[in-house]
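First comes the structure, then the notes that go with it.
The values are calculated or read from the model by the stated rules, or taken from the named source; none is laboratory data. Just so it is clear, the structure is predicted and the values come from calculations on it, not from any experiment. Methodologically, a virtual Cβ is constructed for each residue, glycine included, from the backbone with ideal geometry; neighbour enumeration extends over all protein chains shown. Surface accessibility is based on the protein's heavy atoms, side chains included, excluding ligands, DNA and RNA. Shrake-Rupley method; radii C 1.70, N 1.55, O 1.52, S 1.80 Å.
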Amino acid sequence: MKDDPLTDILTLASAQCVEVGILVAGGSWALRFPPPRKIKFVAVVKGDCWLSLEGQGAPLRVMTGDVFVLPAERGFVLAGDLNAAQADGAGMFLDAPDRTVEVGDGDDFFAVGAHIALDPKRGALLSEVLPPLLHVGSDSSEASAMRWLLDQLVREVAADRPGAVLASRQLAQLLCVQVVRSYLEASGPQLVGWLRALGDERIAPALRLMHREPGRAWQLGELAKEVAMSRTSFATRFKSIAGVPPLTYLQGLRMRFAEHALREGSMSVSELGLSLGYSSESAFSNAFKRSAGMAPKRYRSMFAKMDRSRSRQGHAPARSSALA
């Protein structure tokens with residue numbers, strides 16, 4: 001769907017699950033984790049626990065069927081007992097060859113975790129507009145879909161079947177999308193940026209138009225007419241909700257699409273510039289250089305060298321904890 005802004009943003013941010021892990025606990029226990037370098041996703045399959053996030057105030061009680069995502073780099077504690085001594089959760093997971101950690105006494109708590117890695121630069125499109133904590137209760141409108149995905153994810157993690165690693169990563173990514181959808185439904189005016197614009201009935205149609213045809217020479221009046229608003233009202237509303245003027249958003253979108261195409265595709269710089277609405281290769285190159293700090297051809301060459309380097313190293317992902 002070329003006019004789906006959320007899909008575009010997730011694609012541009014290169015969001016992907018890079019690790020999945022399991023925590024089994026019981027009795028009196030507590031695990032301390034350092035700030036994650038990736039977006040953290042945790043789903044409670046059985047039992048309940050406390051989640052204490054650095055700088056977030058009172059601990060949150062997380063129940064069976066709940067899902068939470070930690071987009072910010074903040075340390076956190078998972079505990080069955082807030083008064084229990086806090087063990088080093090990250091260290092325990094590093095020493096767990098099967099990605100499963102058992103702590104405490106018993107198995108009345110079971111959780112699945114995943115790391116969502118984003119492109120270091122373009123990932124800010126997503127991470128910067130999310131709050132430090134996304135919590136979706138089991139009784140939310142998205143609960144049934146998430147429960148199904150969660151069940152499939154647990155099956156893949158537990159099974160030793162061909163393709164299990166790939167399947168578990170994709171299922172965890174889908175579950176993360178469901179969490180974002182639920183957050184959009186539950187949140188109101190406190191949202192900022194394009195995430196808030198997605199849920200605005202007047203601005204969202206214009207957003208979809210720009211994502212559907214980023215290379216079209218959109219004019220402010222044309223976009224305003226498409227959503228049945230005056231130029232002034234549309235421009236004011238768009239900026240107050242999305243944080244930037246409409247055409248500034250369009251320019252940024254074109255540059256993000258250009259970066260993605262240069263890294264992942266084979267289209268020539270001239271063809272790419274024309275597809276994004278630039279009248280010449282030089283016009284596109286100048287715009288891209290202002291945005292990325294380098295010419296398109298140099299940008300493509302730099303990432304091609306990085307890809308070759310990763311290929312020579314076998315592109316083996318470092319072992320890490322999905323809950324750490």
Hey, can you tell me all the residues within segment 1-28 that are in a loop (DSSP other than H, G, I, E, B) and either among the charged types (D, E, K, R) or open to solvent by less than 10 Å² (accessible area, probe 1.4 Å) (or both)?
K2, D3, D4, A13
Can you name the residue in segment 174-209 that is crowded, with 21+ Cβ neighbours inside 10 Å and under 30 Å from L274 (Cβ atoms) and is also modelled with the lowest pLDDT among such residues?
W194
For residues in segment 255-284 being open to solvent by less than 30 Å² (accessible area, probe 1.4 Å) and in contact with a Gly (Cβ under 7 Å, 6 or more places away or on another chain), which is nearest to P214 (Cα to Cα)?
L276
In segment 146-155, is there at least one residue being open to solvent by 30 Å² or more (accessible area, probe 1.4 Å) and among the aromatic types (F, W, Y)?
yes
Provide a single number: the residues in segment 69-99 that are in a strand (DSSP E or B) and at pLDDT below 90.
2
Being of a type in the set (G, A, S) and crowded, with 18+ Cβ neighbours inside 10 Å is the filter here, so list the residues in segment 97-116 that pass it.
G104, A111, G113, A114
Restricting to segment 42-52, name every residue that is at negative phi and at pLDDT 95 or above.
D48, C49, W50, L51, S52
Scan of segment 56-80 for residues that are without any contact (Cβ under 8 Å) to a residue 40 or more places away in the chain, of a type outside the set (G, A, S) and open to solvent by 70 Å² or more (accessible area, probe 1.4 Å), ordered by number
R61, E73
